[in-house]
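> What follows is a single structure, and I will ask about it in a moment.
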Amino acid sequence: MEKNFKTEIDQAFQSALDAQKGGDAKWNEVMLTYGAEPLPDSDRQKLLGSEMKIARGAFPIELRRVFEKIAVKYPNDSQGFDMDSRILEYYQKIKPFSGLGDIFSNASTGTAKYSQGFRNEKQSTYKCKNCGAPRLEEMQYDNCMFCGSKLFVPA
């Protein structure tokens with residue numbers, strides 16, 4: 001089978017989806033094949049413990065890194081490729097299913113946990129425009145640690 005941009009993107013997407021929760025040795029092989037850098041273990045553990053839960057698959061930021069390498073490999077074919085929407089599509093497939101009861105339960109506990117003192121302070125958490133992940137570090141101004149999208153876009 002002749003490899004092309006779409007084929008490699010689809011294969012990378014499926015490989016990430018087939019990986020164990022947080023990635024595995026087979027996924028790491030795919031990343032190394034493209035020269036994409038895997039997450040350091042410290043970041044992997046931070047993401048596994050974050051609000052952005054995954055039920056299976058590699059982390060979206062690692063898939064983005066592979067997509068970026070494929071886009072460089074096929075510069076003409078990759079023009080017009082909407083990476084953010086493809087990463088969001090991937091995240092929708094790996095996030096855990098939560099029923100309506102979970103949504104309301106999470107909202108009420110989250111409100112009590114995260115909004116104490118905020119009513120008067122007028123503070124809020126900055127979230128990624130693509131996947132909705134909260135900024136995990138106060139001084140994080142570059143890319144989302146979860147999906148890799150730019151957190152801030154210059155005006």
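> How large is ³J(HN,Hα), in whole Hz, for each residue of the stretch 38-46 in order, when computed from phi with the Karplus curve 6.51 cos²θ - 1.76 cosθ + 1.60 and θ = phi - 60°, using x for Gly and Pro?
Using θ = phi - 60°, the values come out as x, 5, x, 4, 5, 5, 4, 5, 4 Hz.
> Relative to the Cα centre, what is the charge dipole magnitude of the stretch 5-94, using +1 at the beta carbon of each Lys and Arg, -1 at the beta carbon of each Asp and Glu, and rounding to the nearest 20 debye?
On the way: 13 positive and 15 negative charges, 35 e Å.
The dipole magnitude comes to about 160 debye.
> Place a point 7 Å from the Cα of Lys93 along the Cα-to-Cβ direction; which residues of the stretch 9-38 have their backbone N under 15 Å from it?
Those under the cut-off are 9-23, 27.
> Still on this model: For the stretch 5-94, please report how many Lys pairs fall under 16 Å Cα to Cα, leaving out neighbours fewer than 8 apart on the same chain. Please list the in-between numbers first.
Working: Lys6/Lys69; Lys6/Lys73; Lys21/Lys46; Lys21/Lys53; Lys21/Lys93; Lys53/Lys93.
Summing the qualifying lysine pairs gives 6.
> Within a 10 angstrom radius of the beta carbon, how do Met83, Met145 rank from fewest other beta carbons to most? Could the numbers behind the result be given before it?
Working: Met83 18, Met145 22.
Fewest to most other Cβ atoms nearby, the residues stand as Met83, Met145.
> Still on this structure: Quick one: net charge around Phe67, please, counting Lys, Arg +1 and Asp, Glu -1 for every other residue with C-beta under 13 Å from its C-beta.
-2
> Quick check on the stretch 11-92: what are the equivalent-ellipsoid semi-axes from the Cα gyration tensor, as sqrt(5λ), descending, whole Å? All intermediate terms of the calculation are to be shown ahead of the outcome.
Numbers: eigenvalues 92, 41, 24 Å².
Working through the eigenvalues yields semi-axes of 21, 14, 11 Å.
Readers should treat all values here as calculations from the given coordinates under stated rules, not as data from a laboratory. The model shown is predicted, which means the values in this text are computed figures rather than measured ones. Please note: Cβ atoms are built from the backbone with ideal geometry, for glycine as well, and neighbour counts cover all protein chains shown.
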